[in-house]
């Protein structure tokens, strides 16, 4: 049972944003594979309703912080966490930034598209991405004309989004770009004026919409990845989707996001299996992830705590465990800024390459922000999730606990988190500075509760807690 | 870790306080400062025609020369101007101006107008000054988060929101408990890790602690007759002064103030912003003089763009072509660049035309003041202004 809980916790750190003990017990009771299916087939997410949010926030559609906050509410309150985790993956891969688009409504629409299509066919997703207005503007496809090709989108589609360098030629880039001529924005002149003036008044910004301009489409014959025909963009993504290199690229990226920062030999074999699922299912991301999550590798000890949590995972995970932001609060925009301070501003990826993940999340300023945020959340006895953890710690044992027992219970309730012997020793000595603890006589939010919460905060500061 | 006495440096500008360890204090006016209402062409009729709602009263302008004057609340900067310590770079910008705050600021931060850059120019400066990252405090930002201008992979930068509580666990009120938590953190991060990632985390955590321990000594060493205001820019510059005078080897100081994004209510908002900023800069400079650092310190004040020539009835929308300031005893005070024409035919979609690339000013500061080769930092070779005395 305990190992089952640890396995479920591992799955929820990866496929979700960590989980409370109560949630973990519900998932574990229904079994691992059933939980994987629940994640892969999201139902009603029961996220915080928009009308409730709008009672406090008059607009969260303008500017990256507001729009990020809007998404954060969903991540924090959803009952279908993978449905929100997929857009985070795709946002990192198809990184579109506010800095150039200057239009958060269009990027929010892009996130909604990721939410809708992010577990479906990779081919369909690439086709929809190619029609996505924020992407079109971000990579200049509205400047890609019949007879005056702009290669930006065609190139990044092959290099960064679907194939990887070495799997196509410069000629393929040009031919792909030709096929996407005429895939443009319907209201570009109006929007350019709006963006240049950068005025929210009087109605805020509106989003771009897609338009296919047949008159500006180059319908000549193209030769792309060895095939020849009168290709349109739809044909291009179809050809890409059936390339082994594309399968390998996508499965590798999914593996690194969900399984481990580093791919070892056994990881390569898992990617092989994922690639098989990709083709067998007709390019379906859901099937690829099912193979990954159910693989012996993913479930093994070696995959646990093998990734540095990205800032959004860390922050949203701590908030969910602490039970913070269950109702709207203006502080949510500060949370969006904090993610940015930690190096992962939503809508603010540093470039079209997205964020550099893994160890690169860790620099001294970001680490200070990480430790401070998590330790403050988890040590706040006023938060309902923290109270609930303490209740569970208290109920689990007799009235009096030794420091050893207290540390063990708290580590268990927060993860379980696996820590080194050195870390455990320091935690125990910290927990023991006031001797044994009697939680039988606790008053909610009182002295004993604060002692436990302080320890929870310190556990949130450990090196081990930085890992997913 | 080496720190103190400015032992790091390059090209013969090393030294310790008072003997030539040259500092740069970058002050970012975020949001797009309205150039026309900062350095006012008070004799130009077009100014009043275009600014019916927000023109300054010519009687109150602090006149300098060429029909130009400072807005009234720039008195503290006018005083430095009169002493010949202020260089104004008029009409600064870059080709094909972008009127998005984020993109334009990115361009200033990465010195790359045509493509998306990944390295900040000040981060590159810090790497040049301290290639082995021997001092985690060579570059310090006063404010939270790493500004993109200072971000370069592997270059440590301390971002100090509140100097008195800087570091870990500012939320723990009980001093005893905080001390205990810090000691625990040091022990946990100091232990040998089970793999390379754990070791890297440990090393980073220890660096963060060390930086915080050193920097928190600064307030205790500080004394001054200057009384700063309570607003954020005054406090950030006061903190910069404390760190500078504590002699921790910091060379690049950065802070920002704003938002100068005055789409509406500009008269009121712009007044407050400049009252705070000008007084803070004046006080900071007095403090620098009092501590014998005037020969070693230069302030660089910039914004991402200027604003629309024509007002919108209560404020101004985003424009192009702005002004930057370089201030210090080593500065050759005066006008650089040209004040852009306000004639309709000379405007760019209603905005002032830039006439000098911001990387000229960057290059001047880098080569003439910090003694660094500018080209690899600003992504190319640019003409320089003779902003510095020697």
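Just so you know, all these numbers are worked out from the coordinates, no wet-lab data involved. Because the structure is predicted, anything quoted here is derived from the model rather than measured. Every residue, glycine as well, gets a Cβ built from its backbone with ideal geometry; the counts of neighbours run over all protein chains shown.
Assorted remarks:
- Full extension of the chain between residue A:22 and residue A:392 yields a length gain of 132.2 nm, computed as 0.36 nm times the residue separation minus the alpha carbon distance.
- Projected over every direction and averaged, the convex hull enclosing the alpha-carbon atoms of chain B yields 19.7 nm².
- Solvent-free Debye scattering, log10 I(q)/I(0), computed from the Cα coordinates of segment B:238-350 at q = 0.10, 0.24 Å⁻¹: -0.41, -1.39
- Sites residue A:221 and residue A:296 - FRET efficiency at Förster radius 51 Å, r taken between beta-carbons, to 0.05: 0.60
- Of all DSSP-defined beta bridges confined to chain B, some 40% are antiparallel rather than parallel.
- Size descriptor, Kirkwood hydrodynamic radius, that averages inverse alpha-carbon separations across chain A, Å: 23.7 Å
- Unit Cα scatterers, Debye sum, the protein assembly as shown: log10 I(q)/I(0) for q = 0.05, 0.06 Å⁻¹: -0.30, -0.43
- Inter-label distance, residue B:48 to residue B:177: 6.4 nm, where each label sits 7 Å from its Cα along the C-beta direction.
- Computed E for residue A:214/residue B:206 - FRET, C-beta separation, R0 60 angstrom, nearest 0.05: 0.45
- Remark: spin-label model distance residue A:273-residue A:206 equals 5.1 nm, labels positioned 7 Å along the Cα→Cβ axis.
- Average partner coverage of A:336-346, which counts Cβ from other chains inside 10 Å: 2
- Computed log₁₀ I(q)/I(0) - Debye formula, equal Cα scatterers, no solvent, segment A:384-466, q 0.16, 0.17, 0.22 Å⁻¹: -0.52, -0.59, -1.01
- Calculated diffusion of segment A:43-108, Stokes-Einstein form, Kirkwood radius summed over Cα pairs, 37 °C and 0.692 mPa s, µm²/s: 259 µm²/s
- Number of partner chain Cβ atoms within 10 Å, mean per residue of B:175-187: 4
- Between residue A:360 and residue B:373, the modelled labels are 2.6 nm apart [label points 7 Å from Cα along Cα→Cβ].
- Temperature 25 °C, viscosity 0.890 mPa s: under these conditions the Stokes-Einstein estimate for segment A:203-300, based on its Kirkwood radius over C-alpha pairs, is 154 µm² per second.
- Its Cα gyration tensor gives segment B:167-215 an equivalent ellipsoid; the semi-axes, largest first and in whole Å, are 22, 12, 7.
- For a modelled paramagnetic label at residue B:272, 7 Å from Cα along Cα-to-Cβ, the residues of segment B:288-322 in reach, with backbone nitrogen under 19 Å, are B:314-317.
- When segment B:301-390 is reduced to its Cα atoms, the Kirkwood hydrodynamic radius in Å: 14.6 Å
- Segment residue A:58-residue A:140, extension gain: residue separation times 0.36 nm, minus the distance between their alpha carbons: 26.3 nm
- Exercise: per-residue mean of other protein chain Cβ atoms within 10 Å, B:198-209: 5
- Take the Cα of residue A:30, go 7 Å toward its beta carbon, and the backbone nitrogen atoms of segment A:48-87 under 14 Å from that spot belong to A:79-83.
- Estimated FRET transfer efficiency (residue A:79, residue B:223; beta-carbon r; R0 45 Å; 0.05): 0.20
- Prolate/oblate/rounded label for segment A:56-202 (Cα gyration tensor, a/c 1.5): oblate
- Highest-MSF residue in chain B out of B:358, B:325, B:102 [GNM, Cα springs under 10 Å]: B:102
- The protein assembly as shown, helix-only ellipticity at 222 nm - DSSP H runs n ≥ 4, -39,500 (n - 2.57), divided by all residues, nearest 500: -13500 deg cm²/dmol
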